[in-house]
Every structure is written in C-alpha cells, then in structure tokens.
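Below is one structure, written out as structure tokens; the observations come after it.
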Amino acid sequence: MRPLQVSSKGNIILTVVNSEIAKRGYKFIFEKNNLQCMGCILKKICIDKLERGRVYEIVNVRDKEHFCKLLNGKVSIVEVKLASIELSIERKNAIEGVIIRYHPINCLTPCANIMYCKPPGLFKDDKIKIEKILGPICCMGGKDLVKVISSPLLEK
C-alpha cells in the first residue's frame, strides 16, 4: 500500500467526480481506474491521487466542469478528504482522541455487525484517531467490542 498524497491544505485532495453526484457531504469508495483513463488529460487529478478501496467525502465542489469520455458526460472538480468511518474495536482500545493502528476484528461468526468489524475504507495497520465512542456492540463471538467513529490519518 502506498502512502496517500495530500495537498498543501492538509487532508484535502483535489479530484473529479461525475457532476450528478458532486455534492458536499457525498461519500464514495474509489474502486479502480479504467484503461480508457490512461491517456486522459484529467488522469493526474482524477485518479492518480486516490487510493483504491478508500472512502472519500466531498467537502467542496468547485464551479469548473470537464467532459469525461469514460462517463460520456460532465465531471466536476471537487475537494475530498478521507471520510470518517464507524467501526468496532476492543473496549480496551476505545479512548476518545487516541491514535491507534487499525486491526480488523477476526471473527468467524456471521452477524449483523460484520460491517463494523471489517468496514470498507480501512486496511490493516492504518493509523486512525478515535473521534467518538458510540456504545457497546453485541458480539455473537463473545468479544468485548464497542462501536466508534474514527478518522483515518494520512501517512505523510
């Protein structure tokens, strides 16, 4: 996994998205680029700064639009940041404001909380900051877990 690139504004990344979804607060997962993108003049701003599998949130939409051959439509220039993510962690690590390395909860028991034990947008050993403790999670596997809101931290 390569370190994410950031702008001089800190955690803000300039990119482009389909103009139809270009709204402040919209969240998306960057999946992959397309071979058609390789020769595009927007490639550097569109896909080179985003990392596959990460969840991004649009924080600002600029007035400038471009035409995208892949989408056959307009794309807007937007400012994005890594989105906050709800996840489960062991109670002993749940301290608001603390920075920890993320480790997915290894559990073989299927349950309704799996999306918090292995949330999209985080990878093993990512640095995260615990922003808020939301409360206990009922773990079918018997683990002592709590649900938290975390902010992924960029490696600079």
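The numbers here are math on the coordinates, done by the rules we state, and not lab data. Given the structure is predicted, the values throughout are model-derived calculations rather than measurements. Please note: Cβ atoms are built from the backbone with ideal geometry, for glycine as well, and neighbour counts cover all protein chains shown.
As a proxy for reagent exposure, ranking Ser88, Ser19 by other Cβ atoms within 10 Å from fewest up yields Ser19, Ser88.
Arranged from fewest to most other beta-carbon atoms within 10 Å of their beta carbon, Leu108, Leu14 become Leu108, Leu14. Under the classification rounded if a/c is under 1.5, otherwise prolate if a/b is larger than b/c and oblate if not, where does the range 22-68 fall, given a ≥ b ≥ c as square roots of the Cα gyration tensor eigenvalues? In terms of gyration-tensor shape, oblate. Exposed loop sites were defined as GluC sites (Glu not before Pro) in DSSP loop states (anything but H, G, I, E or B) carrying at most 11 other C-beta atoms within 10 Å; in the chain the longest segment without such a site runs 32-95. Using alpha-carbon positions, what is the distance between the centroids of the range 13-81 and the range 82-156, in Å? So the two Cα centres are separated by 27 Å. Sparsely packed loop sites in the range 35-106 (the trypsin sites (Lys or Arg not before Pro) outside DSSP H, G, I, E and B with at most 12 other Cβ atoms within 10 Å) comprise Arg52, Lys69.
Seen from every direction in turn and averaged, the convex hull around the alpha carbons of the range 85-152 projects onto 3.9 nm². A Förster distance of 22 Å, applied to the separation of the beta-carbon atoms of His103 and Lys32, puts the FRET efficiency at 0.30.
At the listed q of 0.19, 0.21 Å⁻¹, the Debye profile of the chain, built from one uniform point per Cα, gives log10 I(q)/I(0) equal to -1.12, -1.27. When Ile21, Ile13, Ile89 are sorted by how many other C-beta atoms sit within 10 angstrom of their C-beta, beginning with the fewest, the order is Ile21, Ile13, Ile89.
Computing FRET efficiency as 1/(1 + (r/R0)^6) for Val61 and Met115, where r is the C-beta to C-beta distance and R0 is 25 Å, gives about 0.35.
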